[in-house]
1. What percent do you get for the relative contact order of chain B when only Cα pairs under 8 Å and 6+ apart count?
2. Springs between alpha-carbon atoms under 10 Å, Gaussian network over chain A: tell me which of A:F182, A:F94, A:F80 tops the mean-square fluctuations.
3. Where the accessible area of the stretch B:8-153 is counted over protein heavy atoms with a 1.4 Å probe, how much of it, in %, is carbon and sulfur?
4. B:Q173 label points, 7 Å along Cα→Cβ, one per copy: pairwise distances from this copy to the rest in nm, shortest first?
5. Name the residue, out of A:A143, A:A180, A:A130, whose mean-square fluctuation peaks in a Gaussian network model built on chain A with Cα pairs under 10 Å.
6. Among the aspartates and glutamates, which fall within straight-line cross-link reach of A:K165, defined as a Cα-Cα distance under 20 Å, with same-chain neighbours fewer than 8 residues apart omitted?
7. Using a 1.4 angstrom probe, figure out how much accessible area the protein assembly as shown has per residue, in square angstrom, rounded to the nearest whole.
8. Over all distinct Cα pairs, what is the inverse of the mean 1/r for the stretch B:8-153, reported as the Kirkwood hydrodynamic radius in Å?
Protein chains: 2
Amino acid sequence: MYLNHINNLVFKEFLDILNSISPLSPESKRVLQKHLSFRTLSKGDYLLNHGETCRHIYFVNKGFLRIFYYKNGKNITEWFAREKNFCFSITSYFNKTPSDLIIESIEDSEVIFLSRKGLEELRKCNLEVANLIIEFLSHSLIASQKRMESIQFETAKKRYQNLLKEQPEIIHQVSLHNIATFLGITQETLSRIRAQI
Amino acid sequence: MYLNHINNLVFKEFLDILNSISPLSPESKRVLQKHLSFRTLSKGDYLLNHGETCRHIYFVNKGFLRIFYYKNGKNITEWFAREKNFCFSITSYFNKTPSDLIIESIEDSEVIFLSRKGLEELRKCNLEVANLIIEFLSHSLIASQKRMESIQFETAKKRYQNLLKEQPEIIHQVSLHNIATFLGITQETLSRIRAQI
DNA sequence: GAATTCCTTTGACAATTATCAAAAAAACAC
DNA sequence: GTGTTTTTTTGATAATTGTCAAAGGAATTC
């Protein structure tokens, strides 16, 4: 269900969030708004499917998303996107290739779409938009780096404890299996870790 | 040994490389050049030390660098930067915090420094520079993502084989220990993997 | 509320990798 | 070359995690 140009208040709030990431003039907000769209999702809906090319950066206005993919027939969680956070398939978005990742709504959600085409056009001529993208990418890079270090150098137990500390609510939102694959371990191993704590 | 504004030809070539990443007018090149510096390093020299804040993006004009850190007293390789590639400490650079990472020259090297201060100034007022940074960050993000997936979902043997395929020359440039920690395994495990192949 | 389905835990065992120690090989210095 | 140091390999053992199978719980449906 696409509802373009309808929920103006939602867009206004979103543009304010963008503005807090990197300052935007009213004019920049106006041109950016042209490239926004809005979608509501029911629990279980897919925002991006395997094989589709990722043509947007997604902002979770409400709800909760899971980004996952299939590896040897098993579904592996790559990331969770909480309310007021962004997500997208990095590789598909930049390389314009079919996505291996699937983005699933695990609660009823509201998502704002930022179109790649729009952003690519705007960043070429609008300095504020270009700087907004720089802020966005540098934060994404730091997050990616952090996750990499966690996977490479912490034990499964430590990673689980960190997750509990940083996102305690996650336990009630997603299955143990999803948390386990997100941590890079099997469901059984996570179950045993929990038994120890 | 810093040699600013001396090796003009080297800078010209470097600016051409930047231009090939994202187009730069002669004027943009001119202003960018003001924020470049140059340094030669002997084998074993440190480009960035633990506790120092990373104030530059480095470009390996010649030679070979290793980025590593200490974890429980052991030195762990995070990345290798080959000739004509960039490197920097992501966290230290963006957060302006002391670096955990150490960047070491493992061959006699020539490195071009792109100053963070200069880039931060320029990107605010120069659209071409802002777009250059966007290209740079998006490629960094893709690389970080790729490495993360490799660590999380491939066996040590597979990772070693991929490394051999992608950078066969690396075997002759760095010790087995450094390759092992880069792959996220111990030296002994890597030695045993090699014996199998 | 009984049946079905899905999620989580537990058990037994195998595979992978780490750790500690020592030997072998290679590189380096004199 | 000889001796010294560093790097790599090998051995024995332990720890961690994965795999396969089954049981126990919880949630859902009819």
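1. Working: 301 pairs, mean separation 45.1, N = 197.
Relative CO of chain B lands at 23 percent.
2. A:F94
3. On the way: 3150 of 6260 Å².
After summing per-atom areas, the C and S share lands at 50 percent.
4. 4.2
5. Taking springs between Cα atoms under 10 Å, the residue moving most is A:A143.
6. Answer for A:K165, where 20 Å is the Cα cut-off: A:E78, A:E83, A:E149, A:E154, listed by chain and number.
7. On the way: 18930 Å² over 394 residues.
Using a 1.4 Å probe on heavy atoms only, each residue of the protein assembly as shown averages 48 Å².
8. Values: mean 1/r = 0.0629 Å⁻¹.
Kirkwood hydrodynamic radius for the stretch B:8-153: 15.9 Å.
The values are calculated or read from the model by the stated rules, or taken from the named source; none is laboratory data. A quick note: this is a predicted structure, and the numbers were derived from the prediction, not measured. Heads up, the Cβs are rebuilt from the backbone with ideal geometry, glycines too, and the neighbour counts pull from every protein chain shown. Heavy atoms of the whole protein, side chains included, go into the accessibility calculation; ligands, DNA and RNA do not. Shrake-Rupley method; radii C 1.70, N 1.55, O 1.52, S 1.80 Å.
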